Every structure is written in structure tokens, then in C-alpha cells.
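Structure, as C-alpha cells:
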Amino acid sequence: MASSAHPDLWSDLSGFGSSDGSSDARAALLKVNAEMFVAAAARDRESIETFETLVLGFLPKTDAATRLELARILAPCPDTPASVLDYLARHSPGAVDIPRHHHPVSPSFRAKRLATPEGRLALAAQPNIDPETTHGLLVLRENAVEDVLAANSAVLPDTAAFAELLRRSHRRPTLAALLLDRADLPTTAQASLYLAASGERREAIRERVAASLAHRRVSLSFALAEQDLADISAASLKGDDRRMESILTALFGFPASTEWRLLEIGRHRLLALALNVLGVPRRDAVRIFLNLHPALSYPLSAIRTLVREMQDVPGPVALALIECILDVKTLSGEALA
């Protein structure tokens with residue numbers, strides 16, 4: 001950012017709000033000041049913030065054509081406030097397609113925005129958001145900010161920030177839904193969000209996982225001992241979900257810290273997937289669903305859903321889904337592509 005000796009460069013904007021000014025005159029004056037801003041040889045922080053405040057105050061009074069023209073003028077300028085460009089992108093068809101100049105978020109800009117809820121939302125939507133800024137947002141654990149970050153394509157799937165959003169989405173279905181809307185999700189990320197997906201999307205995820213598994217060289221099959229099945233059935237008869245999860249963890253060879261959360265609303269399919277992989281006969285599986293908790297079998301459509309999950313998902317695909325959902329690995333070999 002260049003320094004400036006002219007902090008009052010945009011003072012002509014102060015007359016925008018006069019009631020006797022026509023909309024055409026305001027639009028013309030706004031465009032002139034935008035051109036002056038872009039053409040300025042120097043812009044210091046004070047002049048940029050003044051420009052930002054005044055322009056944001058009067059953009060709602062402009063029409064779509066004016067906003068599009070302003071976007072063309074301001075988008076290439078490295079000092080144009082991101083809040084101005086974001087407003088133009090949201091409220092002017094075509095503005096979103098105009099290439100922006102992406103410049104790093106300055107420490108002063110970051111600190112100012114991190115201090116307020118509105119500022120954090122604006123930061124989360126930045127197309128040039130950096131890891132430090134993302135970390136500063138995520139540590140506060142604000143649902144609204146997480147949602148904006150999840151929809152921000154600048155937060156790439158191979159980053160630590162995205163991995164953290166993915167972990168949090170396992171406890172927040174609305175966040176999971178936003179991540180599922182992204183077009184850049186790798187197979188593992190899609191599989192980890194399987195429980196939050198719609199029926200159509202779950203089918204697509206299963207097909208994608210199956211295609212990925214075709215390239216794996218190692219497979220694993222489970223031979224469930226009679227005593228293991230007896231232990232699972234006994235846990236279900238007592239309604240002991242903790243014992244059930246402990247047995248499953250041992251049978252799959254997962255770390256003791258693995259969190260199944262089988263009875264949590266939205267996660268019941270995970271039990272069906274597990275029983276599928278272990279080769280539990282359908283009749284025994286139905287008894288387990290009936291006994292473990294009423295929510296698994298009422299209404300009748302609930303238990304039918306779980307039975308269909310066992311029938312529709314091939315064992316290897318079910319195992320891969322379980323691993324991704326729980327973020328653990330057994331002896332199933334290579335990671336999904």
C-alpha cells in the first residue's frame with residue numbers, strides 16, 4: 001500500500017446523501033471518485049478506509065448498471081477494500097466474473113476485522129484469505145464464520161483449516177451440508193460427510209468410493225466369531241451403546257479413543273455399515289436395531305432404512321466409509337484416491 005499526503009482525497013463524496021441530488025448525479029459522482037481512487041499515485045490507510053466507508057454507505061442507492069461499472073473500475077486496483085468488491089459481487093450480476101487483484105491481507109486490516117463479528121464474516125469471505133487469518137477465525141469457533149469459510153473456495157481441501165472444518169462438520173450437519181456443496185471435494189472428504197448427505201448424494205459417494213477401491217491392492221475381510229456376535233447382541237439387549245461401541249472398536253482394530261456416537265441423531269447408518277462389514281446376518285442385525293434403542297426402530301421406516309443400508313452398500317465400500325467418517329484406519333490398505 002502506498003502512503004499518501006492527501007487524506008481528504010475522497011471528500012467530494014460527502015454530498016452524496018443530499019435529498020436534492022438525483023440518482024444519476026450520485027452515480028456519476030461515485031464513478032468519478034472511484035476513478036480518482038484507482039488513479040491516485042498514493043493511498044494511505046486513512047484515505048482507503050474513508051473511501052470504503054463512504055462507498056459502502058451509498059452503494060445501496062445505486063442501480064445494477066452503476067454497480068457493474070464500479071466493479072470494472074475498482075476490481076483491478078490492489079487497494080480497493082475487499083468489502084466493496086464483495087458487495088459489488090453480491091449485488092451486481094456479472095461483477096463476480098471480473099478478475100480481482102488479490103493481495104495479502106495486511107496485519108492492520110486483519111486485526112481490525114477480527115475484533116468484530118461483522119469484520120470476521122468479511123474476513124472469512126476474502127478470496128485471498130491466508131492461513132494466519134483462517135486460524136484467527138477458527139479459534140473463536142463461531143458457527144456463522146465457519147459456514148462462510150466452508151463456502152470459500154480459497155480454503156483449499158488440502159489445508160489444515162479445511163481439515164478442521166471437516167472435523168467440526170461431523171458434529172454440525174449444517175456445516176457438513178455447506179461442505180458437500182463444494183465442487184472440489186476429494187473422495188475422502190466426500191466419504192467422511194456421507195452421513196450428512198442426501199440419498200442421491202450418498203449413492204454418488206458410494207459409487208465414487210467403489211471406483212477408488214478398484215485401484216487398491218489390499219483388501220480386508222472380517223470373520224465374526226460366534227462369541228463376538230453374542231457379545232454384540234448382549235450389548236444391544238441391555239441398550240448399552242458404550243459397550244457396543246467398545247466391541248466394535250476392538251473388532252475393527254481402531255484406536256481406543258475412537259468416537260462412534262452410534263445413537264446420535266444422524267449417525268444411525270454408521271451402525272448398519274459396521275454390522276454389514278462384520279457380516280452380521282440380517283435377522284440378527286434387525287434384532288440389534290430393535291433392542292439397542294427405540295430411535296433405531298421407530299417408526300418402522302427407520303429400521304427399514306438401516307436394513308437397506310446394509311443391503312445396498314458393498315462390504316469394502318462400507319468399510320472405507322466407516323474409516324473416513326471416524327477418521328481412523330484399520331488394515332484395509334491404501335487411502336482412497
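The values are calculated or read from the model by the stated rules, or taken from the named source; none is laboratory data. Treat the numbers as computed from the prediction; the structure is a model and nothing was measured. When we count neighbours, we look across all protein chains shown, and the Cβ atoms used for this are built from the backbone with ideal geometry, even at glycine. Surface areas here come from the heavy atoms of the whole protein model, side chains and all, with no ligands, DNA or RNA. Shrake-Rupley method; radii C 1.70, N 1.55, O 1.52, S 1.80 Å.
So the values come out like this:
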quantity: Which numbered condition Thr330 misses (of (1) surrounded by 15 or more Cβ atoms within 10 Å (Cβ to Cβ); (2) more than 27 Å from His215 (Cβ to Cβ)); calculated: (2)
quantity: Complete set of residues in region 232-246 that are small (Gly, Ala, Ser) and assigned to a helix (DSSP H, G or I); calculated: Ser233, Ala234, Ala235, Ser236, Ser246
quantity: Those residues of region 131-167 which are surrounded by 14 or more Cβ atoms within 10 Å (Cβ to Cβ), closer than 25 Å to Glu49 by Cβ and charged (D, E, K, R), in sequence order; calculated: Glu142
quantity: Condition broken by Phe252, with the remaining ones in (1) within 27 Å of the chain's Cα centre (by Cα); (2) in contact (Cβ under 8 Å) with a residue 60 or more places away in the chain; (3) surrounded by 18 or more Cβ atoms within 10 Å (Cβ to Cβ) satisfied; calculated: (1)
quantity: Hey, Ala223 at pLDDT below 95 and of a type outside the set (Asp, Glu) or not; calculated: yes
quantity: Neighbours by Cβ (under 8 Å, 6+ apart or cross-chain): first from region 143-158, within 15 Å of Pro131 (Cα to Cα) and in a loop (DSSP other than H, G, I, E, B); second among the small types (Gly, Ala, Ser) and modelled with pLDDT of 95 or more; calculated: Val155/Ala161; Pro157/Ala189
quantity: Number of the condition not met by Ser19 [criteria: (1) modelled with pLDDT under 85; (2) within 30 Å of Val148 (Cα to Cα)]; calculated: (2)
quantity: From Thr249, Thr258, residue being at pLDDT 95 or above, over 19 Å from Val307 (Cβ atoms) and not in a helix (DSSP H, G or I); calculated: Thr258
quantity: Residue, farthest from Asp86 (Cα to Cα), within region 168-177, restricted to residues that are of a type in the set (A, V, I, L, M) and crowded, with 19+ Cβ neighbours inside 10 Å; calculated: Ala176
quantity: Residue in region 257-264 that is of a type in the set (Gly, Ala, Ser) and either under 15 Å from Asp228 (Cα atoms) or touching a helix residue (DSSP H, G or I) at 6+ places or on another chain (Cβ under 7 Å) (or both) present; calculated: no
quantity: Residues located in region 58-86, provided they are closer than 15 Å to Leu30 by Cα and open to solvent by 40 Å² or more (accessible area, probe 1.4 Å); calculated: Pro60, Lys61, Asp63, Ala64, Ala65, Glu69, Arg72
quantity: Of all residues in region 269-326 being small (Gly, Ala, Ser) and outside any helix (DSSP H, G or I), the one that is most open to solvent (accessible area, probe 1.4 Å); calculated: Gly279
quantity: Whichever residue in region 255-268 is touching a residue at least 24 places away in the same chain (Cβ under 8 Å) and of a type outside the set (A, V, I, L, M) and, among such residues, is surrounded by the fewest Cβ atoms within 10 Å (Cβ to Cβ); calculated: Pro255
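Here is a yes/no grid of residues against (1) assigned to a helix (DSSP H, G or I); (2) open to solvent by less than 80 Å² (accessible area, probe 1.4 Å); (3) at pLDDT 80 or above; (4) farther than 22 Å from Pro127 by Cβ:
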residue	(1), (2), (3), (4)
Ala5	no, no, no, yes
Leu13	yes, yes, no, yes
Ala28	yes, yes, yes, yes
Phe37	yes, yes, yes, no
Ser47	yes, yes, yes, yes
Leu88	yes, yes, yes, no
His102	no, no, no, no
Ser108	yes, yes, no, no
